[in-house]
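To start, the structure under review is shown below, and the notes come after it.
The values are calculated or read from the model by the stated rules, or taken from the named source; none is laboratory data. Predicted model only: the values in this text are computed from it and were never measured. Don't worry about glycine lacking a Cβ; one is built from the backbone with ideal geometry, like all the others, and counts go over all protein chains shown. What goes into the accessible areas is simple: the full protein's heavy atoms, side chains included, and nothing from ligands, DNA or RNA. Shrake-Rupley method; radii C 1.70, N 1.55, O 1.52, S 1.80 Å.
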Amino acid sequence: MSTLLYVRTSLYGAQGASSQLAERFIAEWRQRNPGGHVITRDLAADPAPHLTAERFQAFNTRPEDRTPEQQAVVEYSDALIDELRAADTVVLAVPMYNFGVPSTVRTYFDHIARAGVTFRYTSTGPEGLLAGRRAYVFVTRGGVYGGEHDTQAPYLRQFLRFIGIESEFVFAQGLAMGDESRQKSLAHAHEQISGLIAVELAA
Ligand SMILES: Cc1cc2nc3c(=O)[nH]c(=O)nc-3n(C[C@H](O)[C@H](O)[C@H](O)COP(=O)(O)O)c2cc1C
């Protein structure tokens, strides 16, 4: 059975522009995968906690030596990773907040980047251990950013690659730059989604 993990991050939940773009793609995915299963992880509604020294120490403590508190910390992280492992398709809906990803995305990443679990270092460099999945990332922004000013998409791509997942991006930029800019940008994003659907979901 195909499984899609949907990571939603907008403060506006399903009303967010990023969520709406992602959810159009997911609706198409459902049509093409009638027996498929969608797991939704809403990071705005249910954020992962900040990593602390205690939490990080729990990850690095052998199972037999963990306190009950440390065990709970590891189980929380394991559950997030199990959702990723269960999925063959990962959809992330990510607005730009303050020139980067929402802070909830950072704390989520802190819980799913686990040495020996989702990545490892070899003599030739890092190796992602979640290969075999594909990610679709729906990015929305009030302004327009490209090249060196884009501190968001390269970060997301690099992080996902680090754990072994290649990604495709859909952008809707300039959403706060007036009605015309917003409509044009959303229309362009929908064209990108139609392209993705035609190429990636055709089977
Ligand atoms: C807290 C906050 C910070 C934002 N920071 C930026 C920013 O740095 N650059 C930008 O272009 N837009 C910024 N925006 C605008 C959002 O990126 C834009 O409204 C986007 O469409 C939000 O997507 P959403 O509707 O999925 O939440 C910010 C919005 C919020 C709420």
Condition check for A44: aliphatic (A, V, I, L, M), outside any loop (DSSP other than H, G, I, E, B) and open to solvent by 30 Å² or more (accessible area, probe 1.4 Å): no
R66 open to solvent by less than 70 Å² (accessible area, probe 1.4 Å) and more than 16 Å from the ligand (Cβ to nearest atom): yes
Residue in region 71-84 that is away from the ligand (no atom under 16 Å from the Cβ), surrounded by fewer than 16 Cβ atoms within 10 Å (Cβ to Cβ), closer than 27 Å to L129 by Cα and at pLDDT below 95 present: no
Residues that are free of Cβ contacts under 8 Å to residues at least 40 places away in the same chain and aliphatic (A, V, I, L, M), drawn from region 36-55: V38, A45, A53
Some residue of region 12-35 being out of contact with any Asp or Glu (no Cβ under 6 Å at 6 or more places or on another chain) and part of a strand (DSSP E or B): no
Filtered residue count, region 1-35, keeping only those that are within 25 Å of L175 (Cβ to Cβ), small (G, A, S) and open to solvent by 10 Å² or more (accessible area, probe 1.4 Å): 4
Tally of residues being over 14 Å from V105 (Cα atoms) and polar (S, T, N, Q) across region 1-17: 3
Every residue from region 1-43 that is within 16 Å of the ligand (Cβ to nearest atom), more than 13 Å from the chain's Cα centre (by Cα) and not charged (D, E, K, R): L11, Y12, G13, A14, Q15, G16, A17, Q20, L21, F25, I26
Residue match in region 56-65 (condition: charged (D, E, K, R) and under 24 Å from Y155 (Cβ atoms)): no
Condition check for P49: under 22 Å from the mean Cα position of the chain (by Cα) and assigned to a loop (DSSP other than H, G, I, E, B): yes
